[in-house]
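Structure record follows, encoded as structure tokens.
Read the figures in this text as sums done on the coordinates, not as results from a lab. Bear in mind the structure is a predicted one, so any value in this text is a computation, not a measurement. Here the Cβ positions follow ideal geometry from the backbone for every residue, glycine too, while neighbour counts run over all protein chains shown.
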Amino acid sequence: MRRGQEGYPSLSFPARLPRSATKGEPSAMAQPMTKVIAVYRQPNDAKRFDEYYAETHTPLVKKIPGLRRLEVSKITGAAGGTSDVYQVAELYFDDPGARETALASDEGKAVVGDLPNFAAGIVTVYLGEGRLA
């Protein structure tokens, strides 16, 4: 398993921006992407959370059909102080239909069913639309 900064697993799928996206020209990447956003508050045992997330939960997430990208951000602070948020995971899908199909799949149900195993009471899941600005 690749390790990123501070020993955390590197969890983002590789993604390349089309050349036009870096020059301010319209591109396919500028199209909206539908997301599932999981916000995790501070766990009681961060080491145990990180191990479970990397070794058990992330492999389940990566099996979700239609998943285009997974980004996981470890929160290191907030403007003006500390944060009660520990980690944010963003799962990207092509459109709302693809997201709903993914969540209704056996793999999607397994991911949702796994949340209480390591994040009971500390996770909130949101649905959203994202775009490059």
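Okay, here's what the table says:
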item: Leu127, Leu91 arranged by Cβ crowding within 10 Å, fewest neighbours leading; result: Leu127, Leu91
item: In sequence order, calculated HN-Hα J values of the stretch 82-96 (Karplus, 6.51, -1.76, 1.60; Hz; x Gly/Pro); result: 9, 10, 8, 8, 9, 7, 10, 10, 10, 10, 9, 10, 5, 7, x
item: Cα gyration tensor shape of the stretch 33-130, rounded if a/c is under 1.5, else prolate or oblate by comparing a/b with b/c; result: oblate
item: Long-range HN-HN contacts of Gln87 with modeled amide H, under 5 Å; result: Tyr40, Ile75
item: Partners for Lys74 among lysines (Cα-Cα distance below 25 Å; same-chain residues under 8 apart left out); result: Lys35, Lys47, Lys62, Lys63, Lys109
item: Residues Ser105, Ser73, sorted so that the one with the fewest Cβ neighbours within 10 Å comes first; result: Ser73, Ser105
item: Residues Lys47 and Leu115, FRET efficiency given R0 of 22 Å [Cβ-Cβ distance, rounded to 0.05]; result: 0.70
item: Contour excess over end-to-end distance, with Cα ends at Glu100 and Ile37 and 0.36 nm allotted per residue; result: 21.3 nm
